[in-house]
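First comes the structure, then the notes that go with it.
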Amino acid sequence: MFPVSEQAPALRRADGSPVRVLVVDDEATLSDLLSMALRYEGWDVRSAGDGLSAVKLAREFRPDAVVLDIMLPDLDGLEVLRRMRADTPEVPVLFLTAKDAVEDRVAGLTAGGDDYVTKPFSLEELVARLRGLLRRAGMAAARQGSELAVGDLVLDEDSHEVRRGDTDIELTATEFELLRYLMRNPRRVLSKAQILDRVWHYDFGGQSNVVELYVSYLRKKIDVGRPPMIHTVRGAGYVLKPATGE
């Protein structure tokens, strides 16, 4: 399990929705691992295993950044980049390559790639490089100072103050930690096991009633009398998202 970043606030699009990242690599295991790591950043991630699929998906998904393998089974990464840039000239592209020759790096950057990493690479380094590209492309931090905001719900991590709209909400320390975890992962379904591990720091083992109990506490304070933000996804977990209409 990848830890949710404790230091860097999640990047968001101008409308507050998650950053969109397209991962293009024909190695399914690597693609899945990378996609999982990026989802833990709170980003919306799609993947493609070949160049033609990547170009088609990019037109539909409109990613904010692309992680692109140079060696693909049909089109090479440079051609994929050329076709993507014909539709979205400004999209940042981070190249992945198994090659270590200087000319390959130069070719990728000369073709319009914004950065590259050479396989094998550190996931932490790749995520950091991608965050840098997204910031330069104009993506903003999800919070200013110490605040997290989802819809009309605002949580201050320093003062531990919470409000929804104009109403202040008093939370216990555990309720606050649970809400903070949900708000750091808006629109993402979090399992009871993940919540137990992050909020209570122990493995899932018949303790789901603890999560259910504290979610019910939060709902009484956050959602009662208002359009709901905390939702149960049957068989999967819980998700927090802006109320309908926001």
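The values are calculated or read from the model by the stated rules, or taken from the named source; none is laboratory data. What you see is a predicted model; the values in this text were computed from it and never measured. Quick reminder, even Gly has a Cβ in these numbers, built from the backbone with ideal geometry, and neighbours come from all protein chains shown.
Are any residues in segment 28-40 surrounded by fewer than 22 Cβ atoms within 10 Å (Cβ to Cβ) and in contact with a helix residue (DSSP H, G or I) (Cβ under 8 Å, 6 or more places away or on another chain), and if so, which ones?
The answer is 33, 37.
If I ask for residues that are of a type in the set (D, E, K, R) and farther than 17 Å from residue 193 by Cβ, which ones from segment 216-243 would you list?
219, 220, 221, 223, 226, 241
Could you tell me whether any residue of segment 137-151 is of a type outside the set (S, T, N, Q), farther than 30 Å from residue 91 by Cβ and at pLDDT 90 or above? Don't jump to the end; show me each part of the working.
Start the filter on segment 137-151 by keeping residues that are of a type outside the set (S, T, N, Q), which leaves 137-143, 145, 147-151.
In the following step, the residues that additionally are farther than 30 Å from residue 91 by Cβ were identified as none.
No - not one qualifying residue is present in segment 137-151.
Among the residues of segment 43-56, write down those that are under 18 Å from the mean Cα position of the chain (by Cα) and among the hydrophobic types (A, V, I, L, M, F, W, C). Can you show your working first?
As a first pass, look at segment 43-56 and keep what is under 18 Å from the mean Cα position of the chain (by Cα): 43-48.
Hits for segment 43-56 are 43, 45, 48.
Looking only at segment 191-209, filter to residues that are of a type in the set (A, V, I, L, M) and over 14 Å from residue 235 (Cα atoms); which one of those is modelled with the highest pLDDT? Give the steps one after another, and end with the answer.
First pass over segment 191-209, keeping only residues of a type in the set (A, V, I, L, M): 193, 195-196, 199.
Keeping just the survivors that are over 14 Å from residue 235 (Cα atoms) gives 195-196, 199.
Values: 195: 89, 196: 85, 199: 83.
Only one residue tops the list, namely 195.
In segment 76-113, what residues are modelled with pLDDT of 70 or more and among the hydroxyl-bearing types (Ser, Thr, Tyr)?
Hits for segment 76-113 are 88, 97.
Would you be able to tell me the number of residues in segment 151-203 that are of a type in the set (Ser, Thr, Tyr) and farther than 18 Å from residue 219 by Cα? Give the derivation first.
Our first condition is that a residue be of a type in the set (Ser, Thr, Tyr); within segment 151-203, this holds for 159, 167, 172, 174, 181, 191, 202.
Then drop every residue that is not farther than 18 Å from residue 219 by Cα, which leaves 159, 202.
Count: 2.
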